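Remarks on the structure that follows.
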Amino acid sequence: MSHPVARRATARAAARRVTLIGWGLLVPALAAYLGFVVWPLALGVQYSFYDWNGVGVATWVGVENYLKVFADQALLGSITNAFILIAFFTIIPVGVGLVLATLIRSLRAGWFSNLSQTVLFLPQIIPLAAAGIAWAWMYAQTGTVNQVFGWLGLGFLARPWLADYGTALPAVGLIGSWVLTGLCTVLLLTGIGKIDTSLYEAIRIDGAGWWREFFTITLPGLRQEIAVLVTLTVIAALSSFDIIYTSTQGGPGRATMVPGLLIYRIGFTQSDVGQASAFGIVLMLLVLAVVLPIQRLSRAADR
Amino acid sequence: MTFFLAPPAKEGAGHVAMGAANSFSVAAKSKHLNEIVYFLNWIHTDPAARQIIVDVTGASPGGDPSLPQPSVKPGSLIEQALEMSATIGAENGQVDFMANTTAGIYAGSIIPESQLLVTSQITGKEFVERVQKFYESEIGG
């Protein structure tokens, strides 16, 4: 048997070794995070204070790029569009997801319930760029959407959906709804599965109807899932790029222009890396400003 | 139907039109250097070749203005086009395409403002002012 002091020293050494191994295991992930997230972010902040075309000499301009962000009508318009997209990327998918998840839950487990979950989730595995192209065809003057309206006797509603100033933004927004509804439904369904079934039995014994059950048991039980989904989808709305890029390119006029596409254009077409970086930083802060309160709300509600 | 050149901004000034110059180059180490040069010379100077260009493309064959012009149907649009082309050549009024003015002007201004113009959301005057403003901001910025 060894001396107690020596044993304590050995234990300390072992603990130190474990800590070292722990840090060692962290290194790859940490290196990737620093190299691909923190470092580019720091560079982006640096670029945003310069007038730089990406190749030549960069000149320090202070906050001028940031002032331009808030003075430019096109930039502000694109931010407004991004906020309108939240309705289609967040409110519709989460709302429809809630309804569908509740309905699927009430279905008997079987092939129909499985099939509906699979079909709803399918859009999630399609690349957004491909979804944008496919939907652009369907929205065209002679596309599927107008054909279906024709069959239903609603031919008078037919229009080139992506070329009409009034319908272009809702039309691209609905592509996002289509993609995200599956994700929301599946996640909410998992959340419903976690809710204690005795709560449902209790409220049914108390004679509550569907609405009462939904608002008293289902909705509060899904608080965390809803918070996660709202966070994810709001970020998807504010930083949307691929759907818009492949379907409308921001047109007609600037009716569907979004910050993501504009940043790409300013940076890589107009070669104004400084301005693009400044707009990117503003967009990041904007996303944080919207998302952090959502996080706080969900956490406060947990207490 | 009549085609005409866009009138100059000031009366009596020269006409201006957009177009791209046809420039050709031959690789120095090309195996058939002489044949290529002969062909390029032929297609720009030979009356038969120039006639083919006009018949097929409906565009001016370019080249030395003193060369005989290919024959076209009198009163046809192509006849007018060739006359206008000759005017632009004589007044030295050809400029490069507006879309090539700056790196971002095409996607950033000409396309969206054209869409607004053809759907009557803005006037021609507004179109010109907006594109000009974008051009200046891109040059300055």
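Rule-based calculations on the coordinates, nothing more; no lab input. Keep in mind that what you see is a predicted model, and the values were worked out from it rather than measured. We place every Cβ from the backbone using ideal geometry, glycine too, and count neighbours over all the protein chains shown.
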*Convex hull of segment A:4-47 built on C-alpha atoms - directionally averaged projected area, nm²*: 3.8 nm²
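Using Cβ contacts closer than 10 Å as the measure, can you line up A:R159, A:R265 from fewest to most?
Numbers: A:R159 16, A:R265 20.
Sorted ascending by nearby Cβ count, the order is A:R159, A:R265.
Average partner chain C-beta neighbours within 10 Å, per residue of A:258-270? Each step should come with its number before you reach the end.
On the way: counts 0, 0, 0, 1, 1, 0, 1, 3, 4, 1, 2, 7, 11.
Average neighbour count from other chains, rounded to a whole number: 2.
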*At q = 0.10, 0.11, 0.14 Å⁻¹, what base-10 log of I(q)/I(0) does the Debye formula yield for segment A:5-133 when every alpha carbon is treated as an equal point scatterer in vacuo?*
-0.81, -0.88, -0.97
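Per residue of B:108-116, how many C-beta atoms from partner chains lie within 10 Å of its own C-beta, taken as a mean?
Working: counts 8, 2, 0, 5, 9, 2, 3, 8, 6.
Average per residue, whole number: 5.
Packing-wise, with mean Cβ within 10 Å as the measure, how do B:121-133, A:22-34 rank, highest first? Can you show the working numbers first?
Details: B:121-133: 13.5, A:22-34: 10.2.
With the highest mean Cβ count within 10 Å placed first, the list reads B:121-133, A:22-34.
Per residue, how much space in cubic angstrom lies within the convex hull of the C-alpha atoms of segment B:98-140? Can you show the working numbers first?
Working: hull volume 2.3 nm³, N = 43.
Spread over its residues, the Cα hull of segment B:98-140 gives 54 Å³ apiece.
Write down the Å³ per residue value for the convex hull defined by the alpha carbon atoms of chain A. Don't skip to the answer; put the middle values down first.
Numbers: hull volume 75.7 nm³, N = 303.
Spelled out: Cα convex hull of chain A, divided by residues, is 250 Å³.
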*Putting +1 on Lys and Arg Cβ atoms and -1 on Asp and Glu Cβ atoms, find which of B:H32, B:A81, B:S71 reaches farthest to the positive end of the dipole of segment B:31-94.*
B:H32
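Rounded if a/c is under 1.5, else prolate if a/b beats b/c, else oblate: with a ≥ b ≥ c from the C-alpha gyration tensor eigenvalues square-rooted, which is chain B? Provide the component values of the computation, followed by the final result.
Numbers: a/c = 2.49, a/b = 1.52, b/c = 1.64.
Cα axes put chain B in the oblate bin.
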*Fewest to most neighbouring Cβ within 10 Å: what's the order for A:S177, A:S113?*
A:S113, A:S177
*Can you give the helix-only mean residue ellipticity at 222 nm for chain A, where every DSSP H stretch with n ≥ 4 adds -39500 (n - 2.57) and the sum goes over all residues, rounded to the nearest 500 deg cm²/dmol?*
-21500 deg cm²/dmol
*Of the options A:V57, A:P28, A:L288, report the single residue whose Cα projects farthest towards the positive end of the charge dipole of the protein assembly as shown (beta-carbon charges: Lys, Arg +1; Asp, Glu -1).*
A:P28
*Please work out the Cα center distance from segment A:221-299 to segment B:81-141, rounded to the nearest Å.*
31 Å
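Packing-wise, with mean Cβ within 10 Å as the measure, how do B:25-31, A:148-154, B:103-109, A:232-238 rank, highest first? Don't jump to the answer; show the numbers that get you there.
Values: B:25-31: 8.3, A:148-154: 11.0, B:103-109: 19.9, A:232-238: 21.6.
Top of the packing list down: A:232-238, B:103-109, A:148-154, B:25-31.
Evaluate the relative contact order of chain A (contact order divided by residue number), counting alpha-carbon pairs under 8 angstrom at least 6 apart; express in whole percent. Could the numbers behind the result be given before it?
Working: 346 pairs, mean separation 86.6, N = 303.
Result for chain A is 29 percent.
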